[in-house]
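> Got a structure here, written out as structure tokens. Questions coming.
The values are calculated or read from the model by the stated rules, or taken from the named source; none is laboratory data. On a predicted model such as this, the values are computed, not experimentally measured, just so you know. We place every Cβ from the backbone using ideal geometry, glycine too, and count neighbours over all the protein chains shown.
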Amino acid sequence: MRHRYDAVIVGGGGSGLMAALHAARSARTAVLSKLHPVRSHTGAAQGGIGAALGNVGEDHWEWHAFDTVKGSDYLADQDAVEIMCREAVDTIIDLEHMGLPFNRTAGGRIDQRRFGGHTRPAPLPDQPDRREPAYRACYAADRTGHMILQTLYQQCIKHDVTFLDEFQVVDLIVKDGTCRGVVAYEIETGELHVFEAPATLLATGGFGRMWQVTSNAFSLTGDGNAVALRRGVPMQDMEFYQFHPTGIHRLGILISEAVRGEGGVLINGRGERFMERYAPMIKDLASRDVVSRAIFDEVKAGRGIDGRDYVHLDVRPDTVNAYFERDGVRRPDGSPARITADDVRRKLPDIADFARTYLGLDPVTDPIPVQPTAHYAMGGIPTDVDGRVRVDEVGSVMPGLYAAGECACVSVHGANRLGTNSLVDLVVFGRRAGKAMAADLPSLQPQARDLPEEPERFAREALARLKSDGGTERAVEVREAMQRVMTDHVSVFRVESGLKQALDEIRELQERFRRVRVDDRGSRHNQDLLEAWELGCLLDLAEVTAATALERRESRGAHARDDYPQRDDTDWMVHSLAYQTQSGVELRYKPVTITRYAPKARTY
Amino acid sequence: MEVHVRIRRFDPDRAGGAYWADYAVDAEPGDTVLSVLNAVKWQHDGTLALRRSCNHGVCGSDALAINGRNRLACKTLLRDVGPRVTVAPIAGLRVVKDLIVDMRPFFAQYRAVKPYLIAPDAPPGRERLQSPEQRERYDDTTKCILCAACTTSCPSYWSNDRFIGPAAIVQAHRFLFDSRDRGAAERLGTLDAVTGVWRCRTVFNCTEACPRDIEVTRRIGEVKRAIVSGSID
């Protein structure tokens with residue numbers, strides 16, 4: 001079946017919905033989503049969305065930008081960071097006007113809490129560069145993402161945005177270097193649909209399902225990235241993948257950084273608050289890469305809980321208040337900081353619920369066992385600051401193709417994303433992309449209708465092969481093998497030998513994938529088929545991740561090489577661009593944009 | 001431990017209608033029912049169809065009737081339901097395949113209550129002010145994840161599927177009690193109709209079913225009282 005729209009948006013999470021709201025004001029827009037949009041993983045974001053509102057103590061967007069650049073280990077493009085942090089402020093106000101139920105200060109303004117890596121100057125006579133945690137994260141309990149997703153979906157209903165739910169995009173239509181739409185598989189019927197559109201936005205989220213332990217939903221398989229990669233679009237900075245320090249042990253379920261923002265501390269098997277050693281200034285609120293490495297180091301040194309592979313996240317009021325007192329932590333009004341059991345239950349209700357449900361414990365009386373969990377892709381589809389996809393090192397745009405959110409790489413996160421900045425990225429760049437799509441339409445329309453012959457052929461053949469007889473491999477086994485090799489060799493710490501092995505094994509798995517067959521030959525809700533197809537996406541992205549990590553011979557942000565432990569600004573202050581070619585992954589590099597924040601050593 | 005799971009299966013393209021199928025899988029008491037269903041799918045029968053995404057109770061995809069009670073499969077641990085588990089689709093919506101139901105009527109009822117902030121006045125340059133007490137007034141109903149566990153556990157809904165159901169009323173409550181909202185009159189037509197709140201007979205199934213611990217029946221009561229007292233008009 002053929003459909004025609006001005007703008008097609010692939011993905012119904014935060015960035016897709018934000019873009020839809022803005023594009024739909026003047027363009028005929030459809031949102032395609034493989035899930036019902038309210039199931040999107042934006043809804044799982046917990047702790048907050050950063051913006052220098054200054055509602056709880058002085059703050060400025062330039063401070064937010066500095067923290068973001070420092071958090072990125074100076075790999076973020078600073079022009080994009082400046083736009084994000086400046087526009088974050090009025091985007092948050094926009095969200096409030098849409099009805100988002102933020103927590104409030106006593107005076108009725110949007111309340112803000114502390115979060116990892118977000119700081120403000122706190123100079124002392126002998127320490128002029130000293131900083132302290134800033135109250136910058138706007139929040140709604142520990143359900144901030146849920147509220148953003150709900151609010152944006154509500155607004156889409158109000159403004160009558162067209163949704164095609166449970167349509168899974170399986171190919172991009174590219175002809176003569178121009179994107180002309182997408183091919184989508186209708187999950188309920190098994191039918192392939194062709195969507196012709198002068199403007200297409202990819203907003204498909206992340207791909208954390210590449211690893212064994214992840215905070216990511218089953219749906220996060222990098223579909224948008226993979227279809228773009230296969231059509232000649234490079235992936236940028238794929239070696240940088242964030243492991244969130246506090247996933248529930250074994251399960252990977254996210255325990256928000258807000259727990260530490262409210263005063264929670266990480267404790268090792270000896271009862272030590274070990275972050276004091278790794279980040280003397282802001283300790284447990286250091287950047288995620290720093291904290292995840294610290295946990296790995298503690299575990300490796302035998303200082304996990306009972307010598308095992310996890311540590312404790314302790315937010316018991318007695319513990320928190322003791323450390324508040326020891327550190328002299330004060331509220332913005334100058335009074336000594338304190339928390340009560342009621343504060344924990346009120347400000348972190350979902351965390352308490354997860355702990356109770358999955359661990360049978362209460363964070364008010366018990367510490368939570370945590371380990372780093374695969375969480376967020378800093379890398380992705382390269383774009384300009386309006387979501388237009390760039391396909392080479394000089395910034396050439398593929399007309400008609402846009403990307404926003406986790407699947408994209410603007411780049412505002414560089415080598416390591418700060419907490420709250422994923423939500424900031426979604427709303428700021430989702431909005432910009434939606435506006436740009438509408439504005440660009442007149443120049444895109446003339447060529448859009450010229451489609452290749454039988455645009456769905458490639459997708460049809462790929463799906464038919466998975467359903468054909470003769471295959472001998474099972475998708476679940478190949479998937480588990482991929483997750484194992486990525487966890488063993490392409491995780492928090494990396495080394496050449498391991499990365500080489502990973503790359504070899506992933507290529508073998510890609511071979512095995514060609515022989516996968518599925519049980520379900522039906523056409524309705526054939527998840528067996530789609531899971532297998534998604535595995536192909538993950539494998540292609542795993543190959544790129546391992547290849548880029550192998551090549552980058554330095555340590556920066558989330559990319560920590562045992563064999564190259566130092567950051568190397570002389571040779572490696574560059575973004576990687578990875579292309580899929582017949583002979584494997586081809587790498588190119590492009591410079592980082594630096595505006596006002598000169599690279600310096602990164603300490604917390 | 002060995003878990004015996006009995007699953008309601010249905011393939012619209014095969015003759016014979018719905019049937020029960022039994023499977024045995026190895027699992028730990030701390031594992032979820034969803035992990036058991038995944039094990040069935042990945043080890044025994046790839047054709048099993050169910051919706052699931054976030055895997056920790058926040059996306060609302062996997063509301064199922066588990067041992068006769070509506071729950072999220074990813075939030076239900078084996079230690080709480082025992083080694084014999086029966087899983088069926090939520091009741092009252094058309095079954096499309098296996099554990100998947102047609103959610104369109106549910107979302108149509110959700111849309112009918114105008115589930116968005118209605119505030120016609122031009123907003124101020126900064127955020128609107130709202131006190132913590134005003135924010136607290138509707139906090140409970142902001143938690144809804146639209147999983148349909150409440151609506152599909154409601155006998156009034158089973159007997160008349162034109163009843164908008166608990167979930168839609170929860171969504172209406174979220175806005176009716178938001179100090180910023182001015183849309184009460186616009187929603188009254190839906191809420192005060194014969195298919196509106198008065199179909200609720202306070203059976204409390206919805207409250208029991210809610211995986212987000214929303215006091216659904218209580219909130220429906222608040223909406224009823226607001227209509228009677230005319231405090232929403």
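> If you take the residues in segment A:517-541 that are part of a helix (DSSP H, G or I) and among the small types (Gly, Ala, Ser), which one is farthest from the other protein chains (Cβ to nearest Cβ)? Steps first, answer last, please.
Step one: of segment A:517-541, the residues part of a helix (DSSP H, G or I) are A:527-541.
Then keep just the ones that are among the small types (Gly, Ala, Ser); that gives A:532, A:536.
On the way: A:532: 9, A:536: 16 Å.
So, considering only residues that are part of a helix (DSSP H, G or I) and among the small types (Gly, Ala, Ser), the one farthest from the other protein chains (Cβ to nearest Cβ) is A:536.
> Kindly provide the set of residues from segment A:47-70 that are modelled with pLDDT of 95 or more and within 17 Å of residue A:426 (Cβ to Cβ), ordered by number.
Hits for segment A:47-70 are A:48, A:49, A:50, A:51, A:64, A:68.
> What are the pairs with Cβ atoms under 7 angstrom where one residue, in segment A:486-505, is without any contact (Cβ under 8 Å) to a residue 12 or more places away in the chain and the other, located anywhere, is surrounded by 22 or more Cβ atoms within 10 Å (Cβ to Cβ)? Sequence gap at least six, or different chains.
These pairs meet every condition: A:498/A:489.
> Six or more apart or on different chains, Cβ under 6 Å: which pairs go from a residue in segment B:85-106 that's farther than 12 Å from residue B:18 by Cβ to one that's among the basic types (Lys, Arg)? Could you list them?
Short answer, once both residue conditions are applied: B:86/B:6; B:100/B:51; B:102/B:94.
> Exactly one of (1) within 20 Å of residue A:33 (Cβ to Cβ); (2) touching a Leu at 6+ places or on another chain (Cβ under 6 Å); (3) among the β-branched types (Val, Ile, Thr) is unmet by residue B:58. Its number?
(2)
> A further question follows. Take residues that are away from every other protein chain (no Cβ under 14 Å), out of contact with any Asp or Glu (no Cβ under 8 Å at 6 or more places or on another chain) and touching a residue at least 40 places away in the same chain (Cβ under 8 Å) and tell me which of the helices (runs of 4 or more DSSP H) falling wholly in segment B:124-223 contain 3 or more.
Numbers: elements: B:132-137, B:139-142, B:155-159, B:165-176, B:184-191, B:205-209.
Per the criteria, B:155-159, B:165-176, B:205-209.
> Let me ask something additional. Would you point out the residue of segment A:26-53, among those that are hydroxyl-bearing (Ser, Thr, Tyr) and closer than 22 Å to residue B:145 by Cβ, that is nearest to the other protein chains (Cβ to nearest Cβ)?
A:40
> While we're looking at this one, here's another question. Would you pick out the residues in segment A:182-206 that are crowded, with 24+ Cβ neighbours inside 10 Å and either among the polar types (S, T, N, Q) or part of a strand (DSSP E or B) (or both)?
A:182, A:184, A:185, A:195, A:199, A:200, A:201, A:202, A:204
> Which ranges mark the strands (runs of 3 or more DSSP E) fully within segment A:90-181 that have 2 or more residues being at the interface with chain B (Cβ under 10 Å from one of its Cβ atoms)?
Values: elements: A:112-121, A:131-138, A:162-165, A:167-175.
The strands (runs of 3 or more DSSP E) meeting that bar are A:162-165.
> When you check residue A:517 against the structure, is it within 30 Å of residue B:51 (Cβ to Cβ), charged (D, E, K, R) and in contact with a Gly (Cβ under 7 Å, 6 or more places away or on another chain), yes or no? Steps first, answer last, please.
Working: within 30 Å of residue B:51 (Cβ to Cβ): yes; charged (D, E, K, R): yes; in contact with a Gly (Cβ under 7 Å, 6 or more places away or on another chain): yes.
Spelling it out, residue A:517 is indeed within 30 Å of residue B:51 (Cβ to Cβ), charged (D, E, K, R) and in contact with a Gly (Cβ under 7 Å, 6 or more places away or on another chain).
> A further question on this structure: Would you confirm whether or not segment B:61-68 contains a residue that is assigned to a loop (DSSP other than H, G, I, E, B) and within 26 Å of residue A:255 (Cα to Cα)? Before the answer, list the steps.
Of the residues in segment B:61-68, the ones assigned to a loop (DSSP other than H, G, I, E, B) are B:61-62, B:67-68.
Imposing the further condition that a residue be within 26 Å of residue A:255 (Cα to Cα) reduces the set to B:61-62.
Checking segment B:61-68: at least one residue is assigned to a loop (DSSP other than H, G, I, E, B) and within 26 Å of residue A:255 (Cα to Cα).
> Go over the candidates B:143, B:75 one by one and state the one that is under 23 Å from residue A:96 (Cβ atoms) and either under 13 Å from the mean Cα position of the chain (by Cα) or basic (Lys, Arg) (or both). Talk me through it step by step, then tell me what you get.
On the way: B:75 fails: under 23 Å from residue A:96 (Cβ atoms).
From the options B:143, B:75, the qualifying one is B:143.
> Moving on to the next point. Against the conditions (1) outside the structural domain of residue B:148 (by TED's automatic domain parsing); (2) under 20 Å from residue B:146 (Cβ atoms), where does residue B:40 fall short? Just the number, please.
The failed condition is (2).
> Go over the candidates A:534, A:543 one by one and state the one that is among the acidic types (Asp, Glu) and touching a residue at least 60 places away in the same chain (Cβ under 8 Å). Talk me through it step by step, then tell me what you get.
Details: A:543 fails: touching a residue at least 60 places away in the same chain (Cβ under 8 Å).
Going through A:534, A:543 in turn, just one is among the acidic types (Asp, Glu) and touching a residue at least 60 places away in the same chain (Cβ under 8 Å): A:534.
> Let me ask something additional. Filter segment B:123-165 down to residues that are out of contact with any Phe, Trp or Tyr (no Cβ under 8 Å at 6 or more places or on another chain) and aliphatic (A, V, I, L, M) and give me whichever is surrounded by the fewest Cβ atoms within 10 Å (Cβ to Cβ).
Applying the filter and picking the extreme gives B:129.
> What number of residues within segment B:89-122 are of a type outside the set (Phe, Trp, Tyr), facing chain A (nearest Cβ under 8 Å), buried (at least 17 other Cβ atoms within 10 Å of the Cβ) and not in a loop (DSSP other than H, G, I, E, B)?
The qualifying residues number 3.
> Now for a different question. Just one of (1) surrounded by 23 or more Cβ atoms within 10 Å (Cβ to Cβ); (2) in a strand (DSSP E or B) trips up residue A:225, so point out which.
So residue A:225 meets the others, but not (2).
> Within segment B:38-52, is even one residue over 26 Å from residue B:162 (Cα atoms), buried (at least 19 other Cβ atoms within 10 Å of the Cβ), at the interface with chain A (Cβ under 9 Å from one of its Cβ atoms) and aliphatic (A, V, I, L, M)?
Yes, that holds for at least one residue.
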